[in-house]
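The values are calculated or read from the model by the stated rules, or taken from the named source; none is laboratory data. It should be emphasised that the depicted structure is a prediction, and the values quoted were computed from it without experimental measurement. FYI the Cβ positions are ideal-geometry reconstructions off the backbone, even for glycines, and counts take in every protein chain you see.
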Amino acid sequence: MDYLLIIPARQDSKGILNKNLQSLDGLSLVGRACITAVTVINILYGKGHRVICSTDSPEIADVALIHGAEAPFLRPAELASDTSSTISVIQHALRKLPDSFDGVLTLQATSPFTAVSDVLKAIHLFETCGDPVVAVCENEHPVEWSMRLDAEQHFKWLFPWANAHQRQLTSPSYRLSGAFYLASPKQIEANGTYFSSAARALVVPHERSLDIDTPFDLELARLLVKSDPSIYKQTS
């Protein structure tokens with residue numbers, strides 16, 4: 001099976017200026033993602049795989065090229081705004097490329113601790129079941145603790161349960177990690193999303209599920225690299 005690995009990396013970001021070019025342990029976030037993706041396709045059997053960086057920034061495109069990915073086009077402005085969906089970016093890339101692929105994997109540069117083994121497990125699951133695969137991680141706290149607040153700051157439980165205060169009685173719950181998504185081009189075209197009713201979850205350990213969205217997240221990632229290089233350093 002042939003795979004297209006796409007790294008979406010637009011220039012602008014509300015939370016962090018030039019987020020995808022921010023440095024983590026001497027590598028930019030987009031550079032780390034490119035290295036991970038290239039390592040994956042070098043392990044996979046076959047020669048029809050490609051790693052593409054979809055960006056509106058010539059600077060990001062140059063960084064992607066340095067780290068072994070391709071940047072065969074620049075994304076149009078209408079696909080590089082805060083309201084642009086990831087799936088529309090993927091569909092644009094599929095239209096621009098002449099190749100045919102069996103699977104399309106979106107790898108987010110803002111999840112810098114995604115391991116090559118995580119991606120390979122997702123591909124194995126996809127090839128085994130044929131359904132879309134989405135990265136998830138276990139919630140830090142029981143979902144029964146979730147609430148909404150009204151205008152007067154009164155709270156309303158989203159999942160009322162009499163024993164919610166007893167954590168040991170709650171069942172594990174999961175959230176999207178944001179790290180990667182995998183589906184076939186036909187599934188993407190038919191569903192317009194990776195999140196079809198048939199999608200399967202690939203559970204990624206919590207320590208590799210940090211999603212960088214704020215300056216705090218970025219500083220936390222830098223501290224984690226210093227605290228345990230064996231887990232967090234980019235080694236490939």
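Just one of the listed residues (K186, K226) is farther than 25 Å from N18 by Cβ and either assigned to a helix (DSSP H, G or I) or of a type in the set (K, R) (or both), and it is K186.
The residue of region 107-123 that is nearest to P8 (Cα to Cα), among those that are assigned to a helix (DSSP H, G or I) and small (G, A, S), is A122. Taking L4, is it farther than 30 Å from C129 by Cα and at pLDDT 95 or above? Here the answer is no, as L4 does not meet what is asked.
For every residue, the table says whether it meets (1) touching a residue at least 60 places away in the same chain (Cβ under 8 Å); (2) in contact with a strand residue (DSSP E or B) (Cβ under 6 Å, 6 or more places away or on another chain); (3) part of a loop (DSSP other than H, G, I, E, B); (4) closer than 30 Å to D25 by Cβ.
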{"residue": "L125", "(1), (2), (3), (4)": "yes, yes, no, yes"}
{"residue": "A135", "(1), (2), (3), (4)": "yes, yes, no, yes"}
{"residue": "R148", "(1), (2), (3), (4)": "no, yes, no, no"}
{"residue": "S171", "(1), (2), (3), (4)": "no, no, yes, no"}
{"residue": "A179", "(1), (2), (3), (4)": "yes, yes, no, yes"}
{"residue": "L182", "(1), (2), (3), (4)": "yes, yes, no, yes"}
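Kindly establish whether L158 is more than 17 Å from R208 (Cα to Cα), among the hydrophobic types (A, V, I, L, M, F, W, C) and without any contact (Cβ under 8 Å) to a residue 24 or more places away in the chain. Taking the combined requirement at face value, the residue satisfies it.
For region 37-87, a tally of residues being of a type in the set (G, A, S) and within 26 Å of A115 (Cβ to Cβ) returns 9. Taken over region 194-211, residues that are part of a loop (DSSP other than H, G, I, E, B) and buried (at least 17 other Cβ atoms within 10 Å of the Cβ) amount to 6.
This table checks each residue for (1) surrounded by fewer than 13 Cβ atoms within 10 Å (Cβ to Cβ); (2) free of Cβ contacts under 8 Å to residues at least 40 places away in the same chain; (3) more than 24 Å from N191 (Cβ to Cβ); (4) hydroxyl-bearing (S, T, Y).
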{"site": "H49", "(1), (2), (3), (4)": "no, no, no, no"}
{"site": "A61", "(1), (2), (3), (4)": "no, yes, yes, no"}
{"site": "L65", "(1), (2), (3), (4)": "no, yes, yes, no"}
{"site": "E70", "(1), (2), (3), (4)": "no, yes, yes, no"}
{"site": "S85", "(1), (2), (3), (4)": "yes, yes, no, yes"}
{"site": "F101", "(1), (2), (3), (4)": "no, no, no, no"}
{"site": "Q108", "(1), (2), (3), (4)": "no, no, no, no"}
{"site": "D131", "(1), (2), (3), (4)": "no, no, no, no"}
{"site": "A151", "(1), (2), (3), (4)": "yes, yes, yes, no"}
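So that you can scan it fast, the table gives a plain yes or no per residue for (1) of a type in the set (S, T, Y); (2) under 22 Å from F126 (Cα atoms); (3) in contact with a strand residue (DSSP E or B) (Cβ under 8 Å, 6 or more places away or on another chain):
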{"residue": "L27", "(1), (2), (3)": "no, no, no"}
{"residue": "E70", "(1), (2), (3)": "no, no, yes"}
{"residue": "R75", "(1), (2), (3)": "no, no, yes"}
{"residue": "S81", "(1), (2), (3)": "yes, no, no"}
